[in-house]
Amino acid sequence: MSPSHAAWQQLISALHASGRKVALAITGGGSGAVGELLRVPGGSRLLIEAQVPYDERALATFLGFAPAQACSSDTAIAMALTVRARAARLVQAGTDLVGLGATAALVSDRPRKGEHRFHIAFANSAGVAHCTCVMAKGRRDRAAEEDLVSRAIVLRLAHACGITAPSPRSLLDADEHYAETVVAAGAAVDTIDRLLAGDLDRVTVQPDGQMMLSAPQPFVLFPGSFNPMHDGHVLLARVAEELRQQPLAFEISVTNVDKPPLAGETVRGRLSQFAWKSPVELTRAPTFLEKSRLFPSTTFVIGADTAERLVAPKYYGDDEARMHDALEEIANSGSRFLVAVRLDAAGRVRALNDIPVPQRYADLFTEIPVHRFRLDISSSEIRARGRADEGRADEGRAVGNS
């Protein structure tokens, strides 16, 4: 049974006043939820953005991979994590963020062989949860199914934002199937908090979000901040796997040599970029010496700029002996470096042969041929572009308000 008009408006007003910020990604049906949220005044306090990647290619571009099935719980979860990660780059650190993903298979102008169903997932600071509904086929027309899914999205969003609301089950008939599942909650959050607190040195996060404390170490590791992850990272990872003929994992250190530790929300936001794509090693190892101790006999994938810092005494407190000691220990651990070309600040291509690697450690480094990989893009450039776009938008708003 649908709530009354007054009760529905009251629920949406409560969502607007919840103190949360929300980002939505919807495909296949249910986009009317956006209109439901904005029909009641105050939506700007709640909604950051709403994405509708409807076409198959649009969905694959949005997620960064082509899902095995567009309408599935896995896809809804990946959408929720992806849209939350996008939102994390648009708001201040510490914002209470909710990402919601929904995907549906409804009445079409072509006969549908499968069930009429929808999947809704949300990701918030407590974890990830999803629900699945299978509707009775032929009972409703397209408009009625769209309305049902739109309202179900709003009800699940209320739950994600801590607002008391009926379950989407209340919208269904007794013979229709509905189920809710918590994918990851407090345990996963506690694991990241323990890493940040220094209780753990390494946490392995699987593509499905499972966190492991004693996973087998990766053969190939791609360290970085991934703020944000971009096409260059994806291509470089693929090339490294092909060259080494071994699976690759990404690595994010929550501590940094010259910056404060990452906040828990920041770690979770960056992790969400890898959901259903690749394993990630979370560590407290900001230097490659520390990484080699955690992951002996591992090949680290780096750019030429990072390789240059590895053999520069100034990054060891201008102590050349300390630099040699570090490189010696890394070499003795069996670790090696796979080096990609990079552009320097002057726009020049920097390759391994441009770097004064001491002959004693030449075997530590192998160059990735430029014909196999070169993509002149960096996370810092993407961030700078985003800040510039935001500045222009702010200027436009100021002019419009003057």
Interchain or long-range residues, amide H under 5 Å from F300's placed H = L221, R336, F337, L338
Phi-derived 3J(HN,Hα) across the stretch 220-234 with the Karplus relation (6.51, -1.76, 1.60, θ = phi - 60°), rounded Hz, x for Gly and Pro, is 10, 10, 10, x, x, 8, 6, 10, x, 6, 9, 4, x, 4, 5
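How do 333-341, 159-167 rank on mean C-beta neighbours within 10 Å, highest first?
Details: 333-341: 20.7, 159-167: 17.2.
Packing proxy ranking, top to bottom: 333-341, 159-167.
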Peptide ranges 130-142, 96-108 listed from the most packed, as the mean C-beta count within 10 angstrom indicates = 96-108, 130-142
With a probe of 1.4 Å, find how much accessible area the chain has per residue, and write the answer as a whole number in Å².
-> 48
Tell me, what is the FRET efficiency for A66 and Y315 to the nearest 0.05, using R0 = 41 angstrom and their Cβ-Cβ distance as r?
-> 0.50
Among T95, S108, C131, the residue whose Cα sits farthest towards the positive end of the charge dipole of the stretch 87-160, when +1 is placed on the Cβ of each Lys and Arg and -1 on the Cβ of each Asp and Glu, is S108
Modelled label-to-label distance, A346 and V134, 7 Å Cα→beta-carbon offset: nm?
-> 6.6
Farthest towards the positive end of the dipole of the stretch 251-361, among V357, G303, F288 and with Cβ unit charges of +1 on Lys and Arg and -1 on Asp and Glu, lies the Cα of G303
Once both label points are put 7 Å beyond Cα along the C-beta direction, the V234-D354 separation in nm becomes 2.7
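In whole percent, and with a 1.4 Å probe on the protein chains, what portion of the accessible area of the chain is carbon and sulfur?
Accessible surface attributable to carbon and sulfur in the chain totals 50 percent.
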Report the antiparallel proportion of the DSSP beta bridges in the stretch 241-351 as a percent, rounded to a multiple of 5.
-> 20
Roughly how many debye, to the nearest 20, is the charge dipole of the stretch 114-224 about its Cα centre, given +1 on each Lys and Arg Cβ, -1 on each Asp and Glu Cβ, and no other charges?
-> 140
Go through P260, F250, P53 and say which Cα lies farthest out towards the positive end of the charge dipole of the chain; charges sit on Cβ, +1 for Lys and Arg, -1 for Asp and Glu.
-> P53
Centre separation in Å (Cα based) which lies between the stretch 304-339 and the stretch 16-38 | 49
Can you spot the aspartates and glutamates whose alpha carbon is less than 16 Å from K291's alpha carbon? Ignore those fewer than 8 places along the same chain.
-> D201, E251, E281, D325, E328, E329
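The values are calculated or read from the model by the stated rules, or taken from the named source; none is laboratory data. As the structure is a computational prediction, the values presented were derived from the model and not from experiment. Cβ: placed from backbone, ideal geometry, glycine included. Neighbour counts: every protein chain shown. The accessibility values were calculated without ligands, DNA or RNA, using every heavy atom of the protein model including side chains. Shrake-Rupley method; radii C 1.70, N 1.55, O 1.52, S 1.80 Å.
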